[in-house]
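What follows is a set of notes on a single structure, which appears directly below.
The values are calculated or read from the model by the stated rules, or taken from the named source; none is laboratory data. The shown structure was predicted, so the numbers you read here are calculated from the model rather than taken from an experiment. Because the Cβ atoms are built from the backbone with ideal geometry, glycine has one as well, and the counts that use them run over all protein chains shown. Quick note on the areas: whole protein, heavy atoms, side chains included, nothing else; ligands and nucleic acids left out. Shrake-Rupley method; radii C 1.70, N 1.55, O 1.52, S 1.80 Å.
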Amino acid sequence: MNSTRALVVLALGAAAFLAACEEEATIPPAPEKPEQISYTRSYVHSSNGLGSNDVTTFLTTSDGKFWVGTKAGVSRYPSVDATTREALINEINGLPHPQVTSLVERDGILFVGTWGGGLGVYNMTADQWTQIRVDPLGLANGFIAGMSLSETENLIYMATNDGVYIYDQAGEWEFVSTVDDPPADPED
């Protein structure tokens, strides 16, 4: 086959291919632009009441308060849009340790996980703090990395550097670990 004839065959083949593509392919219309979501931007900073700018967690509780956990305590604000703090809670006035890792609310009780001290427990109705510290019969490890609330089981799961602790607010504890040796029984 000579080169001219090969070019003609190639050109005809390409033209047929392009025609077939145009017949089969339909280009969908461009999607409509979504409506712009409006938002408010507030800054919470140590200059307006945050214990530290090193924020580790935050939570809006059922009463509309906005809690911000830091490495120097937890700050409470009247709402998520507020920039003036209502309270700063640390190891001096409620927490067992200032380094806050997690926040969970259940039935008007705020649980504040700390890295080294256990739990700060705040009764929102009574405006009162208590603590759940390390105890061999309960929370055997005070290094709480995170917490999760199970609404269906009414339990709080705590991730620690020693396994998972499960708390049912009636004061019952369960320990779960993949390690073969569970924590030592205090009566042994």
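If only one of 132, 144 is under 21 Å from the mean Cα position of the chain (by Cα), farther than 16 Å from residue 67 by Cα, at pLDDT 85 or above and crowded, with 18+ Cβ neighbours inside 10 Å, which one is it?
Details: 132 fails: under 21 Å from the mean Cα position of the chain (by Cα).
Matching residue, one of 132, 144: 144.
Looking at the stretch 55-65 only, could you name the residues that are over 16 Å from residue 108 (Cα atoms) and either in a loop (DSSP other than H, G, I, E, B) or open to solvent by less than 40 Å² (accessible area, probe 1.4 Å) (or both)?
Once the filter is applied, which keeps residues that are over 16 Å from residue 108 (Cα atoms) and either in a loop (DSSP other than H, G, I, E, B) or open to solvent by less than 40 Å² (accessible area, probe 1.4 Å) (or both), the stretch 55-65 yields only 57.
What residue, among those in the stretch 111-126 that are among the small types (Gly, Ala, Ser) and in a loop (DSSP other than H, G, I, E, B), is most open to solvent (accessible area, probe 1.4 Å)? Show your work before the answer.
Filtering the stretch 111-126 down to residues among the small types (Gly, Ala, Ser) leaves 113, 116-118, 120, 126.
Adding the requirement that they be in a loop (DSSP other than H, G, I, E, B) leaves 116-118, 126.
Details: 116: 31, 117: 6, 118: 0, 126: 58 Å².
The extreme case among them is 126.
Being at positive phi and either open to solvent by 40 Å² or more (accessible area, probe 1.4 Å) or out of contact with any Leu (no Cβ under 7 Å at 6 or more places or on another chain) (or both) is the filter here, so list the residues in the stretch 66-96 that pass it.
Residue satisfying the conditions is 94 alone.
Would you confirm whether any residue within the stretch 44-51 is surrounded by fewer than 18 Cβ atoms within 10 Å (Cβ to Cβ) and either under 25 Å from residue 168 (Cβ atoms) or in contact with a strand residue (DSSP E or B) (Cβ under 7 Å, 6 or more places away or on another chain) (or both)?
no
Among residues belonging to the stretch 153-171 that are modelled with pLDDT of 85 or more and among the polar types (S, T, N, Q), point out the one that is surrounded by the fewest Cβ atoms within 10 Å (Cβ to Cβ).
The selected residue is 161.
When you check residue 52 against the structure, is it small (Gly, Ala, Ser), over 25 Å from residue 116 (Cα atoms) and not in a strand (DSSP E or B), yes or no?
no
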